[in-house]
1. Which of the numbered conditions does A:Val115 fail, given that it passes all the others? Conditions: (1) facing another protein chain (nearest Cβ under 10 Å); (2) within 28 Å of the chain's Cα centre (by Cα); (3) closer than 20 Å to A:Leu56 by Cβ; (4) crowded, with 24+ Cβ neighbours inside 10 Å.
2. Could you please find all residues in region B:282-316 being of a type in the set (Phe, Trp, Tyr), more than 10 Å from chain C (Cβ to nearest Cβ) and assigned to a helix (DSSP H, G or I)?
3. When residues of region A:417-464 are filtered for being touching a Leu at 6+ places or on another chain (Cβ under 9 Å), facing chain C (nearest Cβ under 8 Å) and among the basic types (Lys, Arg), how many remain?
4. Is it the case that some residue within region B:259-276 is closer than 24 Å to B:Asp79 by Cα and either among the hydroxyl-bearing types (Ser, Thr, Tyr) or buried (at least 19 other Cβ atoms within 10 Å of the Cβ) (or both)?
5. Among (1) among the β-branched types (Val, Ile, Thr); (2) within 13 Å of another protein chain (Cβ to nearest Cβ); (3) in contact with a strand residue (DSSP E or B) (Cβ under 7 Å, 6 or more places away or on another chain); (4) farther than 28 Å from A:Leu253 by Cβ, which single condition is A:Thr69 missing?
6. Of the conditions (1) surrounded by fewer than 20 Cβ atoms within 10 Å (Cβ to Cβ); (2) without any contact (Cβ under 8 Å) to a residue 12 or more places away in the chain; (3) within 14 Å of chain B (Cβ to nearest Cβ); (4) of a type in the set (Asp, Glu), A:Asp85 clears all except one; give me its number.
7. Pick out, from region A:403-511, the helices (runs of 4 or more DSSP H) lying fully within it that include 2 or more residues that are modelled with pLDDT under 95 and over 19 Å from the mean Cα position of the chain (by Cα).
8. Collect the residues in region B:84-143 that are farther than 30 Å from B:Val39 by Cα and acidic (Asp, Glu), keeping them in residue-number order.
Amino acid sequence: MSLLSIQDLKVSFATRRGSVEAVRGISLEIRKGEVLGIVGESGSGKSVTSYALMRLLERNGRISGGSLTYGGIDLRQARESTMRDLRGREISMIFQNPRAALNPIRKVGHQIEDVLRRHAKATRSNARSAAIRALEAVRIRDAEARYNAYPFELSGGMCQRVVIAIALACDPKLLIADEPTTGLDITTQKAVMDLIADLIAERGMSAMVITHDLGLAAQYCNRLVVMKDGEIVEEGGPETLFSRPQHAYTRKLVDATPRPGASVRQLLPLDQRSAEPQLPKAETPLLEIRDLTKTYQGRSGPVHAVKGISFEVRKGESVGLVGESGCGKSTTSSMLVRLIDPTSGEILFNGRDLARSPARNFARDADRARIQMVFQDATDSFNPRHTARQSIAEPLARLTNTPKRQRVARVEELADLVGLPRPLLDRFPHQLSGGQKARVGIARAIAVDPQFLILDEPTAALDVSIQAIVLNLLVDLRTKLGISYLFVSHDLHVVRLLCDRVIVMRDGEIVEQGTAASVMETPSHPYTRELLAASPKPPLPAPPERTAAE
Amino acid sequence: MAGRLRTIGLRITHAIPVILGVVVVSFLLTRALPGDPAVYFAGHAADEASIEEVRTALGLDKPLPEQFLVYAGNVLTGDLGQSLSTGQPVIEDLAHRLPASLELTLTALLLSCTIAIPLGVLAATRPGSAVDHLCRVLVTAGVSLPTFFTGVLLIYIFYYLLGIAPSPLGRLDFIYIEPDRITGFYLIDAAIAGDWETWTGALKQLVLPAITLTLFTLAPLARMTRAAMLSALSSDYIRTARAAGLTEDKVLFTYAFRNALLPVVTTLGMVFSFTLGANVLVEKVFAWPGIGSYAVEALVVSDYAAVQGFVLAMALLFVVLNLVIDLSYTLIDPRIGFETR
Amino acid sequence: MSDITTSQVPVKQDGTLAHIGYVLRSNPVTLLAFTMFAILLLAAVLGPVIVPYDPMESNAAIALQPPSMAHWFGTDNLGRDVFSRVILATRLDLAISVAAVALSFLIGSVLGSVAGYWGGWLDTVLNRLFDTIMAFPLFVLAMGIVAALGNTVENIVYATAVINIPFYARLVRAEVNIRRDAGFAQAAKLAGNSDIRVLALHIFPNALPPMMVQVSLNLGWAILNAAGLSFIGLGVRPPTAEWGIMVAEGANFIVSGEWWLAFFPGFALMFAVFTFNLLGDGLRDMVDPRQRS
């Protein structure tokens, strides 16, 4: 029996350029006890669908067609007061970015009480104990104490648990989870998703999980719907979708999702795969890090961000640096790229200790051009006032003696190299898409022929299909130019695709390093095993355990 | 809670260097007078002997750091010098006239808050509506109005044309008798005395200058409230609250408004600053016998001790007001105590 | 590849002038603001040429005449033509506010940039200094400064500049500070730029859009401030034509119904402040490349 039925739903937004249809006639059903995954890349209309169903669209958005029926109630026609009664009691929602989703100046216990009191699940006298029970239900230890906490005192994962507690406090029958793990660390991600899955199973709820991560959706959902440009392109069980995708777009998504056993070329659609790259053998050391430390003076004493790490990167080699937020990987890459000075230790580059050349003056150092970086957030890494051309030309102008005319030619050559159409060179960053910005960022970094390139999560903000393209571009550039990479990432599966060796960091220390194959297949440190276990496993080839448990 | 108390203590101690800075600046202002400060402080009619007397009294014959110590000591004991025009110690003149200024300023601020904040909230909850447009027009027009001009216009309309306002000369028409001084606030003193006739008279005098000041402070407050409310309403936690089915009242007041209050309270500091400045102009227009018109009168006769005393008094008053704002901010925002850890 | 094909269509690039034209066309309020600004500028530049009467010439025979065809804004108590005086005052009032704002913009930008980029003890010292300035009600501090330095037009400019410096310095400091570790600042360092160059060529220009709003609001305040000071008898002195003084002089006649003496200069003052307030958003749109399509 279907709990929720959506028929031919259309949602449009009034914008300055007229009406834009974000959802163009989709139909789907959620049955009792079913977990439906809606998968799509940014702009596919997946989140809009859920907001339309909650009738929480932005002011300029409206449901322009179709019907929404929940348990016999017509949600499109229902009065606002009816909707308010339904929200939180029948249908609940959890969100991405949990910290922002909580009122920053209200105790979390009170926020839960607000919902309980609103739906008459508690009275003034027993609200407190009911709220504490709700906190315990989401496996928050020491719930009594947490009741009095403000969101800023809690970790991201803990905030998400509180958001879940608010959503589930009144025992709704349908839970909508909108990218519930975006912005959380990978191990927290798994803990949160496991918790959601357990609670859904415990309470026999139905759920709609909205995500861009096909692997995650496949692991936790009974049925998947793939959306693109406001339409449903395919629907089916996770295994069928993965093993026999019908629609070209689904196939592309499935291919682009990093998974064990697949090479970087296999992320691309079949017709775009070129020959496997022939990577150079790496023998001579290029960069040797010896006992590198970084200690900051925090308000409450020294903070040891990096605690004496040593490793090397050979000429032409690609090394992955993996860890969760706060592990010290960003501090390490900032030191290597000579933006900040280490507290102690050596950075030997071609045998010369760069740590002795202070970061303040490194702009004039002879090795400046040889060490470059591709930044994580493509938007933030470009001067908003400079065109792509100016951004790429800047290092050429500052670090080489290239005359102006040759610089123009070189910029166009670089654009060709990274596959950026030349007309786009005169655009400002805000006029470029994420993938295009990633290309500009790479072009800028390789403009001065560096020997060593730090890639700081260059694909973290990109959709998977674009990520596949960018990763392949990086592999091609490495083969062509023989640059050494240090690939910084939180995702072991992505790192494996690009790197010969992997370094795993935690709390400012290296817990494990070795060849990519050995670290991935026979991890020696428990933390590496935890990381590996935490990343979602697409159902290839065996069916996932979750569906078996249902 | 201990953290909260410590924060409050910390805030209060933070005011100390500011007060010190204020005293230094006002000292520098008294010594920056072109020419011989002693001549200025002694006034036009002074002869050699009295100039010398002033010089020794102010310690002007000593080196600058020592002069500062003398000055700071004088300020500490409440000695701001003698006013030439009234012949009284400046501190006594100021103390006598301060209630008049406070009565006007506080009435205006109260009025302004009670109009601007609801207006801003209404405008933010109904973007594009008539209230929103009214708010926008008021805000843009309000910040463009020179207070002294508004005052003059209001006098012309309500006193000259309509004849419903009393003549713009001070706090009380001469037909009434000044109420016994208890607080110095006529409205309060008259009420305590039970003299409602005088109370009404004082109120009538107060209305126009208070409205003039209110018009001026309305704009920044309404603008800030609207902006803060809009940003609060578009934040994620409001979406969470709505998704949990909370009533619109709860969402608006417990969730949005309390958060929006934080930037509004911060703006209040700036508004106070403007109000205290505008107060001087309004007092001149309405011949209001507060410390602002005292300073203006002193300026005309080059009575520098009085002017500098006024500047210092206003600054200290403002420091206190800011401290109150800071403290109320600490009470609303639980995060404050932890930032300073 | 999908990320490219969708945007093959070349985007038309605007030049700076075309962009300004676009901003003006797209927002009628901005257009209005710039028209009003042009009127002010015209009055300031051409004032002495276009006024019908000598603003200083008094004539007791025609004192206190209401507005007429001969005297559009009437005459004052000395028989001077109010219209001529209002127009002529534009130059002085604009000059005071522009000079004051330019001074505070320059000083504030330098201090704020340095404090925001390098931080440290300099930041602490500057912060204390600005705290102290802001601890005074600003108009009152300006009164104190002019009273102390002496009653001249230059001192009005200095006083107005001093009370405005903290606004610029704070704003620039905040804007620079959030961009200090931005990706593009780091990228600029990797491209071989020294700290000074990163600050001056990459970070500071990006702080300009919010600064422009501040500049235009401040021009408004500066005019109000200067007029306020002359209203209470500081700075500009009669018989110089200045809006604040004219309102002050006219105020004496308002209770007897001669409204035009105070009204027209007051209105001119309001017009100028209103213009600058409207101008802010338009200026920001012009210096912000993200507004370009």
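The values are calculated or read from the model by the stated rules, or taken from the named source; none is laboratory data. Predicted model only: the values in this text are computed from it and were never measured. So basically every Cβ, Gly included, is an ideal-geometry build from the backbone, and we count neighbours across all protein chains shown.
1. For A:Val115, the failing item is (2).
2. If the condition is that a residue be of a type in the set (Phe, Trp, Tyr), more than 10 Å from chain C (Cβ to nearest Cβ) and assigned to a helix (DSSP H, G or I), then B:Tyr294 is the only one that fits.
3. Of the residues in region A:417-464, 1 are touching a Leu at 6+ places or on another chain (Cβ under 9 Å), facing chain C (nearest Cβ under 8 Å) and among the basic types (Lys, Arg).
4. Yes, that holds for at least one residue.
5. (2)
6. Status for A:Asp85: all satisfied but (2).
7. Fully inside region A:403-511 and qualifying: A:404-417, A:434-446, A:464-481.
8. Answer for region B:84-143, where residues must be farther than 30 Å from B:Val39 by Cα and acidic (Asp, Glu): B:Glu103, B:Asp132.
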